[in-house]
């Protein structure tokens, strides 16, 4: 169990972050997933899909390396890397400090790519407007039921790698039912970052939410 004073301190900073983001009209998404879900590839597609419509910045959390941040810069985003070492999640204070390298007043959308983990990030509010959980078809139908805390707090669930659905024999009706059971209020998108199928609908959703936030 996470130490309660740690969570309380984090929540205070998260509320400050949230107020700051709201004042700027900045749409902030906290994107979480297991390792290997295709999260960074999806974000590359997302940045490219938003294109000139929205100015996008990304904060990337990883235990080591800045590989993902470099990939996202190549896609056209302003990106800053947070190297967490042994810490398996991002915290609100880390996000607040990283913002200074992004000039948030010049952004429309801030994407926080959390550390690849479906357990630790569930407990830590970062001040985001949308919590986005990415689940690949290669992970199986029961993942939403195995990790209920993160799915129950999701505003959006993205089913990724749909181009592999037939190859891995995923039962999509079962997966959809399990997502809905764990995440009754979440928006659900099924897409493939590799082929681009479904990415336009996802980007349109982001643009609509940003317009509502402004």
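The values are calculated or read from the model by the stated rules, or taken from the named source; none is laboratory data. Note that the structure is predicted; figures quoted are calculated from it, not measured. Here the Cβ is made from the backbone with ideal geometry for all residues, glycine too, and neighbour counts use every protein chain on show.
For the range 14-33, give me each residue that is more than 13 Å from residue 202 (Cβ to Cβ) and surrounded by 19 or more Cβ atoms within 10 Å (Cβ to Cβ).
Once the filter is applied, which keeps residues that are more than 13 Å from residue 202 (Cβ to Cβ) and surrounded by 19 or more Cβ atoms within 10 Å (Cβ to Cβ), the range 14-33 yields 14, 17, 21, 26, 27, 28, 30, 32, 33.
If a residue has to be buried (at least 19 other Cβ atoms within 10 Å of the Cβ), over 17 Å from the mean Cα position of the chain (by Cα) and part of a helix (DSSP H, G or I) to count, how many in the range 155-214 make the cut?
4
Take the conditions in contact with a helix residue (DSSP H, G or I) (Cβ under 7 Å, 6 or more places away or on another chain), modelled with pLDDT of 90 or more and outside any helix (DSSP H, G or I) and apply them to residue 80. Does it pass?
Criteria not met by residue 80.
Would you please list the contacts, defined by Cβ atoms under 6 Å and residues six or more apart or on different chains, that run from a residue in the range 155-183 that is free of Cβ contacts under 8 Å to residues at least 12 places away in the same chain to a residue that is surrounded by 14 or more Cβ atoms within 10 Å (Cβ to Cβ) and not in a strand (DSSP E or B)?
Here the result reads none, with nothing in the range 155-183 linked to a residue that is surrounded by 14 or more Cβ atoms within 10 Å (Cβ to Cβ) and not in a strand (DSSP E or B).
Do you know which residues across the range 131-142 are in contact with a strand residue (DSSP E or B) (Cβ under 8 Å, 6 or more places away or on another chain) and either surrounded by fewer than 20 Cβ atoms within 10 Å (Cβ to Cβ) or free of Cβ contacts under 8 Å to residues at least 60 places away in the same chain (or both)?
137 - this is the single residue of the range 131-142 that is in contact with a strand residue (DSSP E or B) (Cβ under 8 Å, 6 or more places away or on another chain) and either surrounded by fewer than 20 Cβ atoms within 10 Å (Cβ to Cβ) or free of Cβ contacts under 8 Å to residues at least 60 places away in the same chain (or both).
Does residue 53 meet the test of being touching a strand residue (DSSP E or B) at 6+ places or on another chain (Cβ under 8 Å) and surrounded by fewer than 20 Cβ atoms within 10 Å (Cβ to Cβ)?
Details: touching a strand residue (DSSP E or B) at 6+ places or on another chain (Cβ under 8 Å): no; surrounded by fewer than 20 Cβ atoms within 10 Å (Cβ to Cβ): yes.
In short, no.
Does the range 100-110 include one or more residues that are touching a strand residue (DSSP E or B) at 6+ places or on another chain (Cβ under 7 Å), free of Cβ contacts under 8 Å to residues at least 40 places away in the same chain, farther than 18 Å from residue 22 by Cα and surrounded by 20 or more Cβ atoms within 10 Å (Cβ to Cβ)?
no
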